[in-house]
Amino acid sequence: MSADSERKEEPESKVALRESEERFRLLIDSLRDYSVFPLSVEGRVSNWNLGAERLKGFSTQEAIGLHLSSFFPEEEQAERVPERILMRAELEGRSEYEGWLIRKDRSRFWGSVALSAMRDQDGRLRGFSNIARDLSERRRTEKAQAFLAEAGEVLTGSLEYEKTLQEVVRLAVRGMADWCSVAVQGSDGLAVRAAAHVDPTRESTVRGLLRVLPEAESKLARGIRQVVRTGQSELCSDTLEAAWVRAALGVDTPERFLSLGARSYMCVPLKARGTTFGAIAFVAVTPGRSYGPADLVLAEELVRRAGLAVDNARLFRKAQEALKSRDEFLSMASHDLRSPLTSLRLQLHAVRRDLQPGDERKRASEKLVSRVESMERQTDRMLRMMDALLDISQMTAGRLELKRQKVDLVELVRGAVGTLDEELRQNGVQMRVHAEGRVEGEWDRLRLEQVIDNLLSNAVKYGKGQPVDLTVSVDGTTARLVVCDRGVGIAPEDQERLFERFERVRLDRNVGGYGVGLWIVRRVVEAHGGRVSVESRLGEGSSFTVLLPMRGQAPAQPGCAQETGPEASPPAVH
């Protein structure tokens, strides 16, 4: 009898059962994201599906007969976790486990196991059903969320700039790196400002990375400088064969690099308010740890939050410095305003006394003239101070006004020297003007008088009684004014900040001033479309050079000047 004939003679119930079993097998095999297989009463694999093969790496032939414990790491086996799961499923009908599981190649993954007891109609245990799933991605997401939540709390806990930078690298080595460094662009260039290592014994080695990164590294196509320049993240999963890594990470010596090691690295730009101002490098040293796209996403989110925190700390520090400068300025201004007011009050008392009836009327009249002149000088001094305060406010707000007219720079210089006669005599300073003919341009007369007065007074204060030379010349369409003294000089590191507001080089405690004179000079010169610079060496004097276009040009810094009609302008302050 043929097989087809036998199949036709089978009862319909058997055919239906076989078809049902086949559909169930297809259903189980289609669950590729789940490991679904039955276990015997002893806990051994009795069948295997494609999902189990995909998840655990064993083929059907290799898996049949394996005990459930074969899929657990050694420490879980030592605690008899598989046996306890089987026992609970037998007693309670179901048991669950979530933790580390292993594959055929002994690699670990975070997964879940659900066992259910299978019993026949008489209630006898016939085995267990096992459903397992890989939860590594879920665990990674949960850990990342917890890590970022912790990072948010830590980074918002301080507004101290240096502390915030150090907190960033310590967060990184706690959660996603073996060592980490953060480089920030500053006045001295791109420099590593903080670094940390997961091993405290190597902390001193990684702290040795704190330095300004050499300009030569800017030629590299990869690394910290490239990330800062482009604002784009960089990922290198395997660095063992990459010769460029040491220089790209800013490690200064091969010995230090070998000590720290690097198997995988990421570098992420540090940004705030649309500007890249630094970068954070993450380095993995542990064997088997290799950064991938998911790690880069987490690093970028951490650095995004760090960028905001660091920027807030920087702004807070600047605000604190500004408040300190303001308080110092107000203190000096209060002191300097009190002096002429006190003098003026004394003079008024003397005038009133001189006006009292007496025998020496003529002599009193002469004294009165002298005292009135003194009061005028004190009043003028106070007006200059008050107008200077107004100047500072206007220039800071970008409302410096220019009233251009035809002006002879040589005439202004000679006039300024003339007004300083008394001050020059008191200080024993000789001022020599060098000029050939007129130097005319379209400038704001009163503002240029401010510039000249500030530069000359500065030369007198720091010139130590030595001659001061003023040279006025023309170079094409540009007027040049050079004020050269032979005084104390200015250190190279102080020369740039000297033109900032409230900055002074305190070489002599007896020299007063607000530290705004040269700042006003720069703002006025730049408002005319020119520029001012200084050349100086300590102990050899200073030479300030002002270059002014002879015809009206746009300001060097847009928005710092507005053209208006003629109007009185305040004098200088030093």
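The values are calculated or read from the model by the stated rules, or taken from the named source; none is laboratory data. From a predicted model like this one, the values you see are computed outputs, not experimental measurements. With ideal geometry, Cβ positions are generated from the backbone for all residues, glycine too; neighbour counts draw on all protein chains shown.
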Please list, ordered by residue number, the strands (runs of 3 or more DSSP E) wholly in the range 182-284 having 1 or more residues that are under 13 Å from the mean Cα position of the chain (by Cα) and either crowded, with 17+ Cβ neighbours inside 10 Å or among the aromatic types (Phe, Trp, Tyr) (or both). 189-197, 264-272, 275-284
Filtering the range 421-446 down to residues that are of a type in the set (Gly, Ala, Ser) and more than 48 Å from the chain's Cα centre (by Cα), which residue is modelled with the lowest pLDDT? Gly428
Which of the residues that make up the range 34-82 are among the small types (Gly, Ala, Ser) and surrounded by 19 or more Cβ atoms within 10 Å (Cβ to Cβ)? Ser35, Gly43, Gly51, Ala52, Ala63
Taking the range 43-59, which residues are touching a helix residue (DSSP H, G or I) at 6+ places or on another chain (Cβ under 8 Å) and in a helix (DSSP H, G or I)? Leu50, Gly51, Ala52, Glu53, Lys56
Pairs only if they're at least six apart or on different chains, beta carbon under 6 angstrom, first in the range 307-323 and at negative phi, second in a helix (DSSP H, G or I); list them, first residue then second. Ala309/Leu155; Ala309/Thr164; Val310/Thr164; Ala313/Tyr161; Ala313/Thr164; Arg314/Tyr161; Arg317/Tyr161
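When the range 187-202 is examined, which residues are found to be of a type outside the set (Val, Ile, Thr) and modelled with pLDDT of 80 or more?
In the first step, residues of the range 187-202 are kept if they are of a type outside the set (Val, Ile, Thr); the result is 187-191, 193-197, 199-200, 202.
Matches in the range 187-202: Gly189, Leu190, Ala191, Arg193, Ala194, Ala195, Ala196, His197, Asp199, Pro200, Arg202.
So, restricting to strands (runs of 3 or more DSSP E) that lie completely within the range 527-574, which ones have at least 1 residues that are modelled with pLDDT under 55 and in contact with a Leu (Cβ under 9 Å, 6 or more places away or on another chain)? So that I can check it myself, show each step before the final result.
Values: elements: 531-536, 542-549, 561-563.
Once the strands (runs of 3 or more DSSP E) in the range 527-574 are filtered for at least 1 residues that are modelled with pLDDT under 55 and in contact with a Leu (Cβ under 9 Å, 6 or more places away or on another chain), what remains is 561-563.
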Just the residues that are modelled with pLDDT of 85 or more and under 23 Å from Trp110 (Cβ atoms), please, taken from the range 6-47. Phe37, Leu39, Gly43, Val45
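Let's see how each residue does on (1) assigned by TED's automatic domain parsing to the domain that holds Val41; (2) crowded, with 18+ Cβ neighbours inside 10 Å; (3) at pLDDT 80 or above; (4) not polar (S, T, N, Q):
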| site | (1), (2), (3), (4) |
| --- | --- |
| Val113 | yes, yes, yes, yes |
| Asp120 | yes, no, yes, yes |
| Phe128 | yes, yes, yes, yes |
| Glu167 | no, yes, yes, yes |
Give the residues of the range 83-111 that are surrounded by 15 or more Cβ atoms within 10 Å (Cβ to Cβ) and polar (S, T, N, Q), sorted by residue number. Ser95
Residue ID - nearest to Arg486 (Cα to Cα), chosen from residues in the range 386-411 that are at pLDDT 90 or above and out of contact with any Phe, Trp or Tyr (no Cβ under 9 Å at 6 or more places or on another chain): Val410
Output yes when any residue across the range 501-516 is under 23 Å from Met431 (Cβ atoms), touching a strand residue (DSSP E or B) at 6+ places or on another chain (Cβ under 9 Å) and at pLDDT below 90, and no when none is. no
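Quick one: in the range 285-300, which of the residues that are within 13 Å of Glu234 (Cβ to Cβ) and of a type in the set (A, V, I, L, M, F, W, C) is farthest from the chain's Cα centre (by Cα)?
At the first step, the residues of the range 285-300 found to be within 13 Å of Glu234 (Cβ to Cβ) are 291, 293, 295-296, 299-300.
After this cut, where a residue has to be of a type in the set (A, V, I, L, M, F, W, C) as well, the list is 296, 299.
Numbers: Leu296: 20, Ala299: 16 Å.
Ranking the candidates gives Leu296 first.
Select from the range 472-494 the residues that are under 14 Å from Gly541 (Cβ atoms) and either at pLDDT below 85 or not charged (D, E, K, R) (or both) and list them in ascending order.
Pass one, the range 472-494, residues under 14 Å from Gly541 (Cβ atoms): 482-491.
Across the range 472-494, the qualifying residues are Val482, Val483, Cys484, Gly487, Val488, Gly489, Ile490, Ala491.
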I need the full set of residues from the range 134-148 which are surrounded by fewer than 18 Cβ atoms within 10 Å (Cβ to Cβ) and in contact with a strand residue (DSSP E or B) (Cβ under 7 Å, 6 or more places away or on another chain), in order please. Leu135, Ser136, Arg139
